[in-house]
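Just below is one structure, and these are the notes that go with it.
Throughout, read-outs are computed from the coordinates displayed, never taken from laboratory work. Please read all numbers here as calculations on a predicted model, not as lab measurements. Note: ideal-geometry Cβ built from the backbone for every residue, glycine included; neighbour counts use all protein chains shown.
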Amino acid sequence: MTPHWAAMREFDEPLYEKCTAWRDALTYHEVIPLRQKEMMMIAMACLIRFESGIRTHVRYALAEGVSREEIFASAALAMLLGGIPAYRDGIIAIKDEFERIDEEMMGNKTGGK
């Protein structure tokens, strides 16, 4: 569970239950495949400069088989409505998250040394 969902659950569990049911209904409705939804979420998170959302959905997108190139292309869509600043902030967060992921992978390969 991501930190924001854990905090929401701790603060107000009945509201958390309602929010997660709403989120799950939108996320897992099968008209649009989850792979594409994750790319859309990245674009929308970049548009509103929602850094933790960008980071979260980068990881979810990778888990759905989205390439790094597709993730950067998704972020570029933020320019259409949010201009260069939305894109700039988005790619900075994405690049940083890729670096974190790469560091995690290297740590796993070396046994955390």
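May I ask for the Rg/Rh ratio of segment 1-84, computed from Cα atoms with Rh as the Kirkwood radius, given to two decimals? Using only Cα positions, Rg/Rh for segment 1-84 is 1.01.
Distance between the modelled labels on Arg23 and Arg9, one decimal in nanometres: 1.0 nm (7 Å Cα→Cβ projection). Label-to-label distance for Ala76 and Arg35 is 1.9 nm, based on points extended 7 Å past Cα in the beta-carbon direction. Within segment 1-62, the GluC sites (Glu not before Pro) that combine a DSSP coil assignment with at most 15 other C-beta atoms in a 10 angstrom radius are Glu30. Note: relative contact order over the chain, using C-alpha pairs below 8 Å and six or more positions apart, is 22 percent.
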